[in-house]
Amino acid sequence: MSEKQTPVLRESATFDRLAIQEIQRAAETGIYDIRGGGTKRKVPHFDDLLLLGASMSRYPLEGYREKCGTDVILGNRFAKKPIHLKIPVTIAGMSFGALSANAKEALGRGATIAGTSTTTGDGGMTPEERGQSQHLVYQYLPSRYGMNPDDLRKADAIEIVLGQGAKPGGGGMLLGMKITERVAGMRTLPIGVDQRSACRHPDWTGPDDLAIKIAEIREITDWEKPIYVKIGASRPYYDVKLAVKAGADVIVLDGMQGGTAATQEVFIEHVGIPILCAIPQAVQALQEMDMHRKVQLIVSGGIRTGADVAKAMAMGADAVAIGTAALIALGDNHPSLDDELKKIGSAAGFYDDWQNGKDPAGITTQDPELAKRLDPIEGGRRLANYLRVLVLEAQTMARACGKSHLLNLDPEDLVALTMESAAMARVPLAGTNWVPGQGF
Amino acid sequence: MKTFDLSSASVREFNQALHDQAKQLEEREWRVSNSGGKHNLAVGVNQPLDIVIDGHAGYYCAGMNQQANITVHGNVGVGVAENMMSGSVRVKGSASQAAGATAHGGLLVIEGDAGARCGISMKGVDIVVGGNIGHMSCFMGRAGRLVVCGDAGDALGDSLYETVIYVKGSVKSLGADCIEKEMRAEHIEELRVLLDKAGFDVDPASFKRYGSARQLYNFKVDNASAY
Ligand SMILES: Cc1cc2nc3c(=O)[nH]c(=O)nc-3n(C[C@H](O)[C@H](O)[C@H](O)COP(=O)(O)O)c2cc1C
């Protein structure tokens, strides 16, 4: 054999191509990388859990005949007008500014058809989304962009945002290309600035102050509206306890996989904890305070399928929230956009430059021409379809576990495929009765 | 005039009575006694009422005010007139932190001193302080005017957008991207009107003007050390 062997190139596990590319990019530009979306690396997730369908020792429900309820009441601890949703999948807060007005309208339409709520974001309430959303949650963020008492009174619930899973401890960001006249006007900002939002609320620090702040908002709205507190998962056990003590009606817990419109890549990938291990800590905190199911828990961060919904609820959540998946349902990253995405250095299935406003799907943009591409009625229909599928899937799994309501799923319906996920989710490793981390 | 004694009535009853005026105006003048430093007094009012609070108020007094003129004969806690939209709030004593935080409009007058973060994230309100203000005041101020007849603490106007700051006394230090600017005739004039409105007899020409250098509006490598 005289032919030369093709040499095998060895890629460094430490300095892999992505790491090299990032060093080169940093050296070129002198600034950190900013992008949208959530954590891209693999972290323990709902895929690492399995549901135990019934057989002999448990009794399943008839798949197409027997009822499996899906409704959920949020905020009945103190609010005079709690929210009653038909399905336990809500649309997470995404700002007008990050998203086009058409996208916000489409989210409102889809959510309303499906019988769930949608949420404003870091930028105030638009008439488009208020008009189309039967249940609208109004975010109260550190920046207080567009915050005003008239919209507060128009909201169905108020969500005090302490953090986001993509960036617990970090403030919002919206780059200049998206600060158009309308967005700037709503945020009282000069047109075209790179907006940096505060990471701390301007007028309170710590849980004792938060209690007074919650009381203020209740006073302003005459104790009608549920008050949610949204936490980016990092120390959920303590944060949930403090939020409940401060008077929250509902806790929204966002894991590290949670999407963002624009954040430093290093933040997205390295700060916070996966939703899988955040839920048991939150549930434990609620149970210890005798508040589980009294203060509702909404969880988010990488929810894609009805299986994710069912597993999150089995772990003790009352509902889930979706961000990224809702955008995909509207048409984000659609294969039909592949050519256009390639022209801007990405491809369908990979696009995450939601910060720069060039989204060919017309969703994460303020460019009027691009925004026109998204038909809010068609977008709303697609989202409603997707939400229906999520619920049908979750019901299928719940019935198989013998549950007549999604809220009846419980941790005993779950096992874990890996040691990590068993320890984090606090359910036994499949085929054993061993829960790592719970003593021997 | 309607009077409310907060030693017997609750804050809830008081605020509800004020809110009911938005549906049907029955009484324009309100006077509150025994405020006892209670939190959330006269929040979310949305009518041109005249409200006088005799005594100290706690956190968020006059929060999110619309249209009403509210006077406090005492000191106020954190976040007086936070997110005010219109109307006016006058504090005869001093104010704690975050006075006028994020407020969009109206006039906030503090006759005594204001603590740290006065006018933080303000979005169009006019704030006039008779005494001194604490550190980090006007952080990320977006719009409106902050007038200080005394001295300002550290890091005044850090990361400022378009709020204009006038200080008569000393400024301990300026925050990132905040600079002193020329005091031209039109500034003296606008300040004269504002001081008049606030009821202060001080020479507007004795103030210095501060504003944003606008260097941090867009991310630039050369500014990395300022972030
Ligand atoms: C485009 C976009 C904009 C967002 N804007 C906000 C916001 O304004 N306020 C907020 O609390 N969270 C915001 N988030 C986070 C979502 O509310 C939610 O926590 C997250 O998307 C959930 O994770 P998922 O995307 O994996 O479903 C945003 C997310 C996305 C994708």
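The values are calculated or read from the model by the stated rules, or taken from the named source; none is laboratory data. Not measured: the values here are computed from a predicted model. Here Cβ is always computed from backbone atoms with ideal geometry, including for glycine, and neighbour counts include all displayed protein chains.
Which numbered condition trips up B:Asn15, out of (1) within 24 Å of B:Cys138 (Cα to Cα); (2) part of a helix (DSSP H, G or I)? Checking B:Asn15 against (1) within 24 Å of B:Cys138 (Cα to Cα); (2) part of a helix (DSSP H, G or I), the one that fails is (1). When B:Met64 is tested against the conditions (1) more than 10 Å from chain A (Cβ to nearest Cβ); (2) hydrophobic (A, V, I, L, M, F, W, C); (3) part of a loop (DSSP other than H, G, I, E, B), the lone failure is (1). For region A:170-193, the set of residues classified as facing another protein chain (nearest Cβ under 7 Å) and over 18 Å from B:Ile120 (Cα atoms) consists of A:Gly176, A:Val193, listed by residue number.
Selection of region A:24-46 for residues being within 13 Å of another protein chain (Cβ to nearest Cβ) and aromatic (Phe, Trp, Tyr) yields only A:Tyr32.
Take the residues in region A:114-146 that are in contact with a Leu (Cβ under 9 Å, 6 or more places away or on another chain) and surrounded by fewer than 21 Cβ atoms within 10 Å (Cβ to Cβ), then tell me which one is nearest to A:Ile73 (Cα to Cα). Per the criteria, the residue is A:Gly115. When B:Ala176 is tested against (1) modelled with pLDDT under 95; (2) closer than 20 Å to B:Gly124 by Cα; (3) among the aliphatic types (A, V, I, L, M), only condition (2) is not met.
Per this entry, A:Lys40 is counted among residues that are within 16 Å of the ligand (Cβ to nearest atom), closer than 28 Å to A:Ser117 by Cα and either surrounded by fewer than 17 Cβ atoms within 10 Å (Cβ to Cβ) or among the acidic types (Asp, Glu) (or both).
Considering (1) in contact with a helix residue (DSSP H, G or I) (Cβ under 6 Å, 6 or more places away or on another chain); (2) within 14 Å of the ligand (Cβ to nearest atom), the lone condition that A:Met186 does not fulfil carries the number (1).
Can you spot a residue in region B:157-164 that is assigned to a loop (DSSP other than H, G, I, E, B), under 20 Å from A:Pro142 (Cβ atoms) and away from chain A (no Cβ under 14 Å)? Outline the logic, then answer.
Of all residues in region B:157-164, those assigned to a loop (DSSP other than H, G, I, E, B) come to B:157-163.
Imposing the further condition that a residue be under 20 Å from A:Pro142 (Cβ atoms) reduces the set to B:157-163.
With away from chain A (no Cβ under 14 Å) added as a condition, the list becomes B:157.
Looking through region B:157-164, at least one residue is assigned to a loop (DSSP other than H, G, I, E, B), under 20 Å from A:Pro142 (Cβ atoms) and away from chain A (no Cβ under 14 Å).
When the residues of region A:194-219 are filtered to those that are free of Cβ contacts under 8 Å to residues at least 12 places away in the same chain and in a loop (DSSP other than H, G, I, E, B), which remaining residue is nearest to the other protein chains (Cβ to nearest Cβ)? So, considering only residues that are free of Cβ contacts under 8 Å to residues at least 12 places away in the same chain and in a loop (DSSP other than H, G, I, E, B), the one nearest to the other protein chains (Cβ to nearest Cβ) is A:Asp203.
Being farther than 18 Å from B:Asp50 by Cβ and surrounded by fewer than 24 Cβ atoms within 10 Å (Cβ to Cβ) is a property that holds for B:Asn75.
Just checking, which of B:Val80, B:Val91, B:Val45, B:Val109 is more than 11 Å from the chain's Cα centre (by Cα) and of a type in the set (Val, Ile, Thr)? Let's see the steps before the verdict.
Details: B:Val80 fails: more than 11 Å from the chain's Cα centre (by Cα); B:Val91 fails: more than 11 Å from the chain's Cα centre (by Cα); B:Val109 fails: more than 11 Å from the chain's Cα centre (by Cα).
After ruling out the rest, the residue left standing is B:Val45.
Checking the structure you have, find out if any residue of region A:48-64 is within 11 Å of the ligand (Cβ to nearest atom) and of a type in the set (A, V, I, L, M, F, W, C). No; the residues of region A:48-64 include none that is within 11 Å of the ligand (Cβ to nearest atom) and of a type in the set (A, V, I, L, M, F, W, C).
Does A:Leu390 count as in a helix (DSSP H, G or I) and either within 15 Å of the ligand (Cβ to nearest atom) or at pLDDT below 95 (or both)? Steps first, please.
Working: in a helix (DSSP H, G or I): yes; either within 15 Å of the ligand (Cβ to nearest atom) or at pLDDT below 95 (or both): yes.
Spelling it out, A:Leu390 is indeed in a helix (DSSP H, G or I) and either within 15 Å of the ligand (Cβ to nearest atom) or at pLDDT below 95 (or both).
Which count do you get for residues in region B:110-134 that are within 14 Å of chain A (Cβ to nearest Cβ), more than 15 Å from A:Arg144 (Cα to Cα) and in a loop (DSSP other than H, G, I, E, B)?
Within region B:110-134, the subset within 14 Å of chain A (Cβ to nearest Cβ) is B:114-125, B:127, B:134.
Adding the requirement that they be more than 15 Å from A:Arg144 (Cα to Cα) leaves B:114-118, B:127, B:134.
Still in the list and also in a loop (DSSP other than H, G, I, E, B): B:115-118, B:134.
The total comes to 5.
Applying the selection to region A:164-183, what residues are crowded, with 21+ Cβ neighbours inside 10 Å and either in a loop (DSSP other than H, G, I, E, B) or away from the ligand (no atom under 13 Å from the Cβ) (or both)?
As a first pass, look at region A:164-183 and keep what is crowded, with 21+ Cβ neighbours inside 10 Å: A:164-168, A:172-174, A:178-179, A:183.
Result: A:Gln164, A:Gly165, A:Ala166, A:Lys167, A:Pro168, A:Gly172, A:Ile179.
Residues in region A:38-64 that are without any contact (Cβ under 8 Å) to a residue 24 or more places away in the chain and small (Gly, Ala, Ser): A:Ser55, A:Ser57.
Report, by residue number, each residue of region B:135-151 that is of a type outside the set (Phe, Trp, Tyr) and within 13 Å of another protein chain (Cβ to nearest Cβ).
At the first step, the residues of region B:135-151 found to be of a type outside the set (Phe, Trp, Tyr) are B:135-138, B:140-151.
Of everything in region B:135-151, those that are of a type outside the set (Phe, Trp, Tyr) and within 13 Å of another protein chain (Cβ to nearest Cβ) turn out to be B:Met136, B:Ser137, B:Cys138, B:Met140, B:Gly141, B:Arg142, B:Ala143, B:Gly144.
Listed here are the strands (runs of 3 or more DSSP E) enclosed by region A:65-158 that have at least 2 residues being more than 14 Å from chain B (Cβ to nearest Cβ), away from the ligand (no atom under 13 Å from the Cβ) and in contact (Cβ under 8 Å) with a residue 40 or more places away in the chain: A:72-74, A:83-85.
In the list A:Ile214, A:Ile191, which residue meets the criterion of being surrounded by fewer than 17 Cβ atoms within 10 Å (Cβ to Cβ), away from the ligand (no atom under 15 Å from the Cβ) and among the β-branched types (Val, Ile, Thr)? Reasoning before the result, please.
Working: A:Ile214 fails: surrounded by fewer than 17 Cβ atoms within 10 Å (Cβ to Cβ).
The unique qualifying residue is A:Ile191.
Within region A:313-334, residues that are over 16 Å from A:Leu253 (Cβ atoms) reach partners that are of a type outside the set (A, V, I, L, M) and within 13 Å of the ligand (Cβ to nearest atom) with beta carbons closer than 7 Å, at six or more positions or on different chains, in the pairs A:Thr324/A:Gly37; A:Thr324/A:Gly38; A:Thr324/A:Gly259; A:Ala325/A:Arg304; A:Ala329/A:Tyr386; A:Asn333/A:Tyr351. Among the residues of region B:18-44, those identified as touching a Ser or Thr at 6+ places or on another chain (Cβ under 8 Å), assigned to a loop (DSSP other than H, G, I, E, B) and surrounded by 19 or more Cβ atoms within 10 Å (Cβ to Cβ) are B:Leu41, B:Gly44. Please go through region B:73-109 and pick out each residue that is hydrophobic (A, V, I, L, M, F, W, C), more than 10 Å from chain A (Cβ to nearest Cβ) and either part of a loop (DSSP other than H, G, I, E, B) or closer than 16 Å to B:Leu146 by Cα (or both). Within region B:73-109, B:Ala81, B:Val89, B:Val91, B:Ala95, B:Leu107, B:Leu108, B:Val109 meet the criteria.
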